[in-house]
Amino acid sequence: MSASEPPRFHVRLRSRRVERELNALHEPDHRRIIEVLRALGRDPRPPGCEKLYDDVYRLRVGSWRVIYLVDQANRRVEVGGVRRRSERTYRGIEDLFA
């Protein structure tokens, strides 16, 4: 699959909070995560992703974690969080997609 191939899934940020999380990142991390989000449009379950529950996955990007939902029926990836890995990273993720 080439990088110029059009996305098969629409990637969207689920809330303004996710937008703020992205905007707060330092430039190198921001660029890397934006590239990962674009790639999710082509392949929502890339190698290295981990299924957390139901259709919710997480992807490692250095010390950051992208938590997202794959809506196969509507061909959509909804990003619920971009968080630095810590003890609190996965607390309350069920609420992100409620």
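The values are calculated or read from the model by the stated rules, or taken from the named source; none is laboratory data. Computed from a prediction, not measured in an experiment: that's the story for all the values here. Methodologically, a virtual Cβ is constructed for each residue, glycine included, from the backbone with ideal geometry; neighbour enumeration extends over all protein chains shown.
What to note about this one:
- At least 2 residues being aliphatic (A, V, I, L, M) and in contact with a Pro (Cβ under 9 Å, 6 or more places away or on another chain) is the threshold, and among the helices (runs of 4 or more DSSP H) wholly inside the chain those reaching it are 27-42.
- Among residues of region 40-67, those that are touching a residue at least 24 places away in the same chain (Cβ under 8 Å) and small (Gly, Ala, Ser), counted: 2
- For Tyr57: the one exception among (1) closer than 23 Å to Ala98 by Cβ; (2) in contact with an Asp or Glu (Cβ under 7 Å, 6 or more places away or on another chain); (3) surrounded by fewer than 19 Cβ atoms within 10 Å (Cβ to Cβ); (4) not aliphatic (A, V, I, L, M): (3)
- Within region 80-98, residues that are more than 20 Å from Leu25 (Cβ to Cβ) have Cβ atoms under 7 Å from residues that are modelled with pLDDT of 85 or more and among the aliphatic types (A, V, I, L, M) in these pairs: Phe97/Val56; Phe97/Leu69, counting only partners at least 6 apart in sequence or on another chain.
- When residues of region 11-54 are limited to those that are of a type in the set (Val, Ile, Thr) and touching a helix residue (DSSP H, G or I) at 6+ places or on another chain (Cβ under 7 Å), the one surrounded by the most Cβ atoms within 10 Å (Cβ to Cβ): Ile33
- Which listed residue is under 13 Å from the mean Cα position of the chain (by Cα) and within 15 Å of Thr89 (Cβ to Cβ), from Arg76, Arg38, Arg58: Arg58
- Taking the conditions (1) among the β-branched types (Val, Ile, Thr); (2) farther than 18 Å from Ser15 by Cα; (3) free of Cβ contacts under 8 Å to residues at least 24 places away in the same chain in turn, Ile34 satisfies each one other than (2).
- Test: residue in region 60-67 that is modelled with pLDDT of 95 or more and more than 17 Å from Arg85 (Cα to Cα): no
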